[in-house]
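What follows is one structure encoded as structure tokens, with my remarks underneath.
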Amino acid sequence: MKAIGFQQHLPIKEANSLIDIEIECPAAQGRDVLVEVKAVSINPVDTKVRAHGSDEAEPKIIGYDAAGIVVEVGDQASFFSVGDEVYYAGAINRPGSNSAFQLVDERIVAKKPARLTFSEAAALPLTALTAYEALTDRLHLTFDAKSNLEKTILIIGAAGGVGSIATQLANKAGLTVIGTASRPETIDWAKAHGAHHTINHHEDFRQQLEQLGYDHVDYIFCLNATDQHFDAMVDVIAPQGMICSIVETDQKLDLSALQQKSATFVWEFMFTRSLFETPDMIRQHEILTQVATWLDEETLETTVTQTLIGLNAANLKEAHRLVESGKTIGKIVVEQQ
Ligand SMILES: NC(=O)c1ccc[n+]([C@@H]2O[C@H](COP(=O)([O-])OP(=O)(O)OC[C@H]3O[C@@H](n4cnc5c(N)ncnc54)[C@H](OP(=O)(O)O)[C@@H]3O)[C@@H](O)[C@H]2O)c1
């Protein structure tokens, strides 16, 4: 089958950073399903895995978002039948979606939203899982909007891939959503996707929040530059508030700074459940099913902003280049021809 992979971790401009290859199509066993990949989306994790590491003995296939059709079902898999249209993010420690067919454990797969095209659906799994897990499993929020009406959340990096769905979900949970965005087009996008207010992540958080009438926020969801924003987060988090970050740091964080406020700092890593095969791994199937229902009910919308046609090395290189710019709005999708 056709796939796109690499053996050397190279800058995207290098010819061999991503290459078209032919590999053997795997067979579904156990709880796996084999999916014919129709569309994938590109996340910063793709670019990080591609760019860093030692040479690979075999071509490495990455890609952590897909929508497609189930073509084979493992002997212990029971959630799906051949022909089902599905969407999923997959696992960081297994071959990814940049190939014609992919094996994925059924516990982290859900039926694709019926209303959405494969491309519109492929934009969502990784970012929706991240945002949903952060809000519910890490920050202990519920989607019972009444219980959160007096609460505020600051979402740092509101117009990116994760931000575009996090603002929608936080809005759905009844929170007052303050997103950060630094350009007219990202400010407009964040406001159109659930942010009640925006502030600029390159300027002073406290001053801007006070201008909006807030002297603190109850929750912070940090989607960019945790090191850069840590002091400002400590400053504006409410006493007993909660901060969740998804972005690794270069420096050690001074958690003591949060002690006086009894504030919580928690990580979200979307791959934790599949990486450790946690007993509650099936929650990702449940979350994606819930998100699909909301997408079909039109109370959430897809975040795709750009679609490249043809799942090949040339288009994936272009998508990686755009994601590496750090200025993406919403999501970039690459669709099978
Ligand atoms: N832990 C996990 O499970 C997990 C899951 C998903 C993603 N991540 C990580 O989360 C990060 C964001 O992912 P993403 O897909 O949302 O990225 P993305 O789509 O590339 O984010 C682009 C956005 O980042 C904003 N931005 C740029 N510099 C910023 C800064 N200094 N502070 C705040 N915002 C800034 C930009 O807004 P402006 O143009 O307005 O400046 C742009 O809209 C990545 O590092 C990714 O690897 C982690």
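The values are calculated or read from the model by the stated rules, or taken from the named source; none is laboratory data. All figures in this text were calculated on a predicted structure; none of them were measured in a lab. Note that each Cβ is placed from the backbone with ideal geometry, even for glycine, and that neighbours are counted across all protein chains shown. Side chains are part of the model used for accessible areas, which takes the heavy atoms of the whole protein and leaves out ligands, DNA and RNA. Shrake-Rupley method; radii C 1.70, N 1.55, O 1.52, S 1.80 Å.
Would you check which residues across segment 162-186 are over 13 Å from S147 (Cα atoms) and either within 8 Å of the ligand (Cβ to nearest atom) or open to solvent by 10 Å² or more (accessible area, probe 1.4 Å) (or both) and list them?
Within segment 162-186, V162, G163, S164, Q168, T180, A181, S182, R183, P184, E185, T186 qualify.
Among the helices (runs of 4 or more DSSP H) confined wholly to segment 213-330, which include 2 or more residues that are among the β-branched types (V, I, T)?
In segment 213-330, the matching helices (runs of 4 or more DSSP H) lie at 226-236, 283-296.
Based on what the data block shows, is P113 more than 16 Å from the ligand (Cβ to nearest atom), assigned to a loop (DSSP other than H, G, I, E, B) and open to solvent by less than 10 Å² (accessible area, probe 1.4 Å)?
Yes: the conditions hold for P113.
L149 - would you say it is more than 16 Å from the ligand (Cβ to nearest atom), open to solvent by 30 Å² or more (accessible area, probe 1.4 Å) and of a type outside the set (D, E)?
Here the answer is yes, as L149 does meet what is asked.
Restricting the first residue to segment 184-213 and requiring it to be of a type in the set (V, I, T), which pairs with a second residue that is away from the ligand (no atom under 11 Å from the Cβ) meet a Cβ separation below 6 Å and a spacing of at least six or different chains?
Sorted first by the residue in segment 184-213, then by its partner, the pairs are I199/Q208.
When A134 is evaluated against the numbered criteria (1) part of a loop (DSSP other than H, G, I, E, B); (2) surrounded by 21 or more Cβ atoms within 10 Å (Cβ to Cβ); (3) not assigned by TED's automatic domain parsing to the domain that holds D296, which criterion, by number, is the only one it fails?
All conditions are met except number (1).
Among the residues of segment 295-337, how many are within 23 Å of D188 (Cβ to Cβ) and away from the ligand (no atom under 16 Å from the Cβ)?
Total satisfying the criteria: 5.
Out of all the residues in segment 17-72, which are in a loop (DSSP other than H, G, I, E, B) and open to solvent by less than 30 Å² (accessible area, probe 1.4 Å)?
Selection gives L18, A28, G30, N43, I61, I62, G63, Y64, D65.
From the list A195, A190, pick out the single residue that is assigned to a loop (DSSP other than H, G, I, E, B), within 13 Å of the ligand (Cβ to nearest atom) and open to solvent by less than 40 Å² (accessible area, probe 1.4 Å).
From the options A195, A190, the qualifying one is A195.
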